[in-house]
1. Go through the stretch 20-76 and give me each residue that's within 27 Å of F247 (Cβ to Cβ) and outside any helix (DSSP H, G or I).
2. Can you go through D122, D75, D126 and tell me which one is modelled with pLDDT under 90 and touching a strand residue (DSSP E or B) at 6+ places or on another chain (Cβ under 6 Å)?
3. When the stretch 364-382 is examined, which residues are found to be free of Cβ contacts under 8 Å to residues at least 40 places away in the same chain and either open to solvent by 80 Å² or more (accessible area, probe 1.4 Å) or closer than 18 Å to L14 by Cα (or both)?
4. I'm checking my understanding of the structure. Among residues of the stretch 110-119 that are open to solvent by 40 Å² or more (accessible area, probe 1.4 Å), part of a strand (DSSP E or B) and over 22 Å from L68 (Cα atoms), which one is modelled with the highest pLDDT?
5. Is there a residue being more than 25 Å from F292 (Cα to Cα), buried (at least 16 other Cβ atoms within 10 Å of the Cβ) and touching a strand residue (DSSP E or B) at 6+ places or on another chain (Cβ under 6 Å) anywhere in the stretch 93-109?
6. Take the stretch 275-304 and flag every residue that is modelled with pLDDT of 75 or more and assigned to a loop (DSSP other than H, G, I, E, B).
7. Considering only the stretch 472-519, how many residues are buried (at least 18 other Cβ atoms within 10 Å of the Cβ) and small (G, A, S)?
Amino acid sequence: MKPTNKERLFWWLLVPALAAVLVALAIMQYRWSNQVSAATKAQMQSSLQTSMTGFRQDLSREIGAACLELRSAADGSGAVRSAQINQQFRHWQQTAAHPGLVEQVYLWRYSYGEDGPLLRVDSSRDQLENVEWPAGFDPLHENLQGMSSVFNWSPSFNRAADGGQRQRAGGRQDRHGNSQARPGGPPADPFLPWFVDQSIPAIVYPLRQRTAAGDADVAPAITWIIIKLNSSVLEKEIFPELAQKYFRGRAGLDYHVAVLAGRSGRERVIYSSDSNFAEQRDGVFDGAMNLFGNPFRRPESQDSGPDAFPRLGRNSPPLASRPPQLDDRRSAGADRLVRFEPLQRSREEGVWQIVVKHRTGSVEAAVSALRRRHLIASFGVLVLLAITMAMVMITSQRARRLAALQMNFVAGVSHELRTPLAVISSAAENIAHGVVADQQQMARYGASILKQTRQLSQLVEQVLVFATTQQKQGHYQLRPVDVAQVIDAALENTAGMTAAAGVTVERHVDPGLPPVAADFAALAQCLQNLITNAIKYGGEGRWMGIRATARRENGAVREVEVTVEDRGIGISPQEIKQIFEPFYRSPAVAGSNVHGTGLGLPLARTVIEAMRGRLTVASEPGKGSAFTVHLVLAAGLRLPDEEAALNDADRIAGEAAGYYP
């Protein structure tokens, strides 16, 4: 059945519309993927910035706790006593998470023109002892001398110290405006940081000792607290813990983390979460932040030299004129961050930096990989949707075609039923009305009725067998069968049709053919269907051939082939694949006087395949067709009789062995 113009128009409109929908969805998926990737990248960068800030702040808290504890050992005049600082040092060690962080504490007093001794805090003996400046401390000593000179005469430092006293006194002043400081803490400059010498590493802080009233022209003494940090604790305990805390994912660290010191291209690795990352770093990181000082100032732009803030000289600007840095702010609550500023010895030294790089190579690479996965998943869904739409369209077309075939089948069966019923009805009516008078005429009418009845029985049987095969695979009792006997039975059953059509039958069976594994009745019915088709569609040739031959490989018989051939109208190449579909009839014969149901070939093929064989066809329009049944040999197959015999033998052997009661 050919589709109508309306159906063609419907499909011509539907297919482009569905294709346009798929293209629009693909474009939307691509844009959505770009937007999601951009949002993901921004989120990852923001999260990375937050993690680096948390790393920096936790490090400042860890070091700042020791700084605040030791600074509180100074009394109201700014002097530090051995008992107080030892007590505070021991108290910090008892409460600190990493008591080994502080390796040693020193005090150094400097008055203008007078370089005091270096005192080491001996917590075991609760005293201060004079020591020589340790190796590597000489640059720090020089730095502190220059800074002390500035602090001695800096008005901003004096104002800051007085302001700190007023803060600790609760803001109380006498009637002359002088502050009334309470004892119990050192003067503090709200803008004065702790200084970090990262090469040692050490933390230093100046305490200005108050001068007596009227001694304004006398330079005050400066006491420096010097805290030497343990590099091993930083590298093996604190940095790894902070890396795990802020950069850990589900399967370990999401980022390579390192702490570097020095200028670009000449960095020194202080800590690295991955040795390969430290060795193969290319200077391109997903994030970098200074651990001390301004968090975002590049190391190359850090101040250094005689006029820089960390190395203060006599001509340096006042401290109070310097704006507070980003990390001057204190976190909410009681936990406060101590401000740290780096002391640089030279431009080559640089500051400590935390640098991070995503394990996939970069955040951009991670986002790109995620975007590729999203695109693959999205377009996979679209491809699946397109396949589903195509399958729905194909299925609907096949359903429409099957419905048309079923309608043709109903029409064909109705026609096949109507002819014999009409003959039977007419013959029965003539007999009932006494039209048939003599015995010879009665016998002729009886033979006609018998013939039409058999035709009806065959038609009904064919439909029932087809319905059975559609429900489930037919089960046939395969036994050794002689092919010649099956061919003779099929020719005998179709002898009347052959004689009526005037068809010449040519039979040939190779001698010595081995038995085949088949069901005799089912195989005879299949050959009968093929013979019937050869007679129907044999055309003017009036010839049909049936032959049985053996197919050999390497001299041995592999299978037996039974071929039914005619010289009729043939089958076009386009219809070869459709003739085995149920209800299908060629348009060339559907409108002719050749009747049929379209079930003969599908039924034959189903039965042959159920017997482990196959049915093939070779045809050429105008020259005829040849249908070949390929049958397997009975040799090598376990047939029902053999299985029963084997089962009986097994049972007897089992009883003899005592396995069965």
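1. none
2. D122
3. Of everything in the stretch 364-382, those that are free of Cβ contacts under 8 Å to residues at least 40 places away in the same chain and either open to solvent by 80 Å² or more (accessible area, probe 1.4 Å) or closer than 18 Å to L14 by Cα (or both) turn out to be R372, R373, I376, V381.
4. Quick first cut of the stretch 110-119, residues open to solvent by 40 Å² or more (accessible area, probe 1.4 Å) only: 112-115, 117, 119.
Then drop every residue that is not part of a strand (DSSP E or B), which leaves 114-115, 117, 119.
Filter again for over 22 Å from L68 (Cα atoms), leaving 114-115, 117.
On the way: E114: 76, D115: 81, P117: 88.
Step by step, filter the stretch 110-119, then rank; the result is P117.
5. Within the stretch 93-109, one or more residues are more than 25 Å from F292 (Cα to Cα), buried (at least 16 other Cβ atoms within 10 Å of the Cβ) and touching a strand residue (DSSP E or B) at 6+ places or on another chain (Cβ under 6 Å).
6. V284, F285, D286, L291, F292, G293, N294, P295, F296
7. Residues in the stretch 472-519 being buried (at least 18 other Cβ atoms within 10 Å of the Cβ) and small (G, A, S): 3 in total.
Yes or no, residue by residue, for (1) of a type in the set (D, E); (2) at pLDDT 85 or above; (3) touching a Pro at 6+ places or on another chain (Cβ under 9 Å):
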position: Q209; (1), (2), (3): no, no, yes
position: A213; (1), (2), (3): no, no, no
position: A216; (1), (2), (3): no, no, no
position: K228; (1), (2), (3): no, yes, yes
position: E235; (1), (2), (3): yes, yes, no
position: K245; (1), (2), (3): no, yes, no
position: A251; (1), (2), (3): no, no, no
position: G265; (1), (2), (3): no, no, no
position: S273; (1), (2), (3): no, yes, yes
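The values are calculated or read from the model by the stated rules, or taken from the named source; none is laboratory data. Here the structure is a predicted model, which is why all the values come from computation and not from measurement. Positions of Cβ are generated from backbone atoms using ideal geometry, with glycine treated the same way; all protein chains shown enter the neighbour counts. All accessible areas refer to the heavy atoms of the entire protein, side chains included, with ligands and DNA or RNA removed. Shrake-Rupley method; radii C 1.70, N 1.55, O 1.52, S 1.80 Å.
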